[in-house]
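Colleague: Supplied in structure tokens, the structure appears directly below.
Since every read-out is calculated from the coordinates, none of them should be taken as a lab result. All of these numbers come straight from a predicted model, not from anything done at the bench. Methodologically, a virtual Cβ is constructed for each residue, glycine included, from the backbone with ideal geometry; neighbour enumeration extends over all protein chains shown.
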Amino acid sequence: MVTIAVERPAPLGTARVRKRRVVGSIALVSILLAAMVVSLGVGARGLSPSEVWYGLTAGPSADHRLTEIRLIVQTVRVPRTVLATVAGAALGVAGALIQGYTRNPIADTGLLGVNAGASFAVVSVIAVLGFANPFQYVWFAFAGAAVAGVLVFGLASIGRGAGNPLTLALAGQGVTVFLAAMTTAVALSDKASLNALRFWNAGSVAGVGFGVIWPVTAFVAAGLLLALTTLPALNLLNLGDDVARGLGVNIALHRTLGIVAITLLAGAATAACGSIAFLGLMVAHMARHLTGPDYRWLVPCAGFLGAVVLLVCDIVGRLVVRPGELDAGVVVALLGAPFFAALVWRGKFKSA
């Protein structure tokens, strides 16, 4: 059994806390901008700052070398950088929200079954419809993630333990195990689905064009706006349901809005990039260390941290096995496993 300590928002009036939050936010934005610039120049073919600038601003040219630089920057590096930033922010915010709504410090977006739902949808449409282009099946992935999230929330909302964070976690685990088994069964019966699942489970921000990125960004923006409206109530919910209810919070409404926001964010990111494990778990704890437990600061900070971490992991993946690449999801997992072990060692949760 796991016992979880509920953190209460720290006082907002101290100059020390305010300074740490402001300085930390400025530092995160600066690091993110620097990482985006580096991302445009790093790859199988390294580009100098002047070449990156040319690739961003120049039009068609008769010079073959300059044309190649422009195509690399505009059609490969820019979409990849934008997707890593958007998906990382979405997964970071979703990770902070799911930990807040379940009051579970080891909760991740996979808890709602969105990763499993997306994976099952992808292998199913490839096996049945023969889709091979990511632009074709990304929408089915998002639909699968959304349906899985709704199913988990629906199961957690019925019965004696309705609305309980533990019930939500158990429902999510049950749906995830079932969908994972179904995904394996479909993938083993179809070679194309198995190949797609291998790529999907690795998690990558490469090879996705703006035809997919812009619609995904719209869903992420909607999830972010919805998440921001729930943050004051989320602080009160973490004081306990009875206290929140006594302070006038509509618990069912705000928990529903939070689950919808998580599903939009995690579903859109997973649909575009595949399954990227541990990112939401890591950045939520990193943000909490920087800002304290006040979700009005913690959630935006987790978004910036998520974007930075995914972008840096993608850059590292391009460098460590040059001229080949290591998928960003693999690098995140390599960081996430020791991070999870460190949480255990530091006693963030304990067995009872």
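Colleague: Taking the dipole about the Cα centre of the chain, with the C-beta of Lys and Arg at +1 and of Asp and Glu at -1, give me whichever of Asn104, Pro79, Thr14 is farthest to the positive side.
Modeller: Thr14
Colleague: Work out the charge dipole of the chain with +1 on the Cβ of Lys and Arg and -1 on the Cβ of Asp and Glu about the Cα centre, then indicate which of Val308, Thr184, Tyr295 is farthest towards its positive end.
Modeller: Result: Tyr295, furthest along the dipole toward the positive end.
Colleague: Sticking with this structure for a sec: Suppose only helical runs count, i.e. DSSP H with n ≥ 4. What mean residue ellipticity at 222 nm does that imply for the chain under -39500 (n - 2.57) per run, divided by all residues and rounded to the nearest 500 deg cm²/dmol?
Modeller: Calculated at 222 nm, the ellipticity per residue is -25000 deg cm²/dmol.
Colleague: Sticking with this one: Based on alpha-carbon positions alone, could you give the equivalent ellipsoid semi-axes of the range 153-308 from the gyration tensor, as √(5λ), descending, whole Å?
Modeller: Taking √(5λ) for each Cα gyration eigenvalue gives 31, 22, 14 Å.
Colleague: Using 5 Å bins from zero, what percent of all Cα-Cα pairs in the range 268-309 falls into each bin?
Modeller: The calculated distribution, bin by bin, is 5, 26, 29, 21, 11, 7, 1.
Colleague: Quick one: Glu51, Glu325, Glu68, fewest Cβ neighbours within 10 Å first, how do they rank?
Modeller: Least crowded to most crowded, the residues run Glu68, Glu325, Glu51.
Colleague: Which value, in debye to the nearest 20, describes the size of the charge dipole of the chain about its Cα centre when Lys and Arg Cβ atoms bear +1, Asp and Glu Cβ atoms bear -1, and nothing else is charged?
Modeller: The dipole of the chain has a size of about 860 debye.
Colleague: A follow-up question, please. Given the alpha-carbon gyration tensor of the range 280-352, what are the semi-axes of its equivalent ellipsoid in whole angstrom, ordered largest first, with each equal to the square root of 5 times an eigenvalue?
Modeller: After scaling each eigenvalue by five and taking roots: 26, 17, 7 Å.
Colleague: Quick one: dipole size for the range 18-85, taken about the Cα centre, charges +1 on Lys/Arg Cβ and -1 on Asp/Glu Cβ, in debye to the nearest 20.
Modeller: Taking the Cα centre of the range 18-85 as origin, the dipole is about 580 debye.
Colleague: Right, here's the next one. In terms of modelled amide H atoms, which long-range or inter-chain residues lie less than 5 Å from the amide H of Asn238?
Modeller: none
Colleague: If you take the alpha carbon radius of gyration of the range 94-151 and divide it by 2.2 N^0.38 Å, what ratio comes out, to two decimals?
Modeller: Relative to the rule-of-thumb radius for its length, the range 94-151 sits at 1.30.
Colleague: Same structure, new question: Please turn the phi angles of the range 216-229 into ³J(HN,Hα) values with the Karplus equation 6.51 cos²θ - 1.76 cosθ + 1.60 (θ = phi - 60°), one per residue in order, whole Hz, x for glycine and proline.
Modeller: 4, 4, 5, 5, 5, 4, 5, x, 5, 4, 5, 4, 4, 6
Colleague: Kindly rank 326-337, 246-257, 142-153 from highest to lowest mean number of other beta carbons found within 10 Å of each residue.
Modeller: Most protected by this proxy first, the peptides run 142-153, 326-337, 246-257.
Colleague: With r as the distance between the Cβ atoms of Ala15 and Val316 and R0 = 30 Å, compute the FRET efficiency 1/(1 + (r/R0)^6) and round to 0.05.
Modeller: 0.25
Colleague: Follow-up question, since we're still on this one. Treating only the Cα positions of the chain as identical point scatterers, give the base-10 log of I(q)/I(0) from the Debye formula at each q in 0.09, 0.11 Å⁻¹.
Modeller: Calculated log10 I(q)/I(0) at the listed q: -0.50, -0.74.
Colleague: In addition: May I ask for the equivalent-ellipsoid semi-axes of the range 9-99, computed as the square root of five times each C-alpha gyration tensor eigenvalue and listed largest first in whole Å?
Modeller: 38, 15, 9
Colleague: Could you give me the ³J(HN,Hα) list for the range 34-43, computed from phi with Karplus coefficients 6.51, -1.76, 1.60 and θ = phi - 60°, whole Hz, x at Gly and Pro?
Modeller: Karplus values, whole Hz, x for Gly and Pro: 5, 5, 5, 5, 4, 4, 6, x, 9, x.
Colleague: Still on this structure, please answer the following. Distances longer than 22 Å among the Cα atoms of the range 121-228: what percent of all pairs is that?
Modeller: Counting pairs separated by more than 22 Å, the tail of P(r) holds 44 percent.
Colleague: Give, in nm to one decimal, the length gained when the segment between Phe135 and His289 is fully stretched (0.36 nm per residue of separation minus the Cα-Cα distance).
Modeller: So the extension gain works out to 51.6 nm.
Colleague: Also, quick follow-up: Considering just Cα atoms, how many Å³ per residue does the convex hull of the range 183-224 enclose?
Modeller: In the range 183-224, the Cα hull volume divided by residue count equals 105 Å³.
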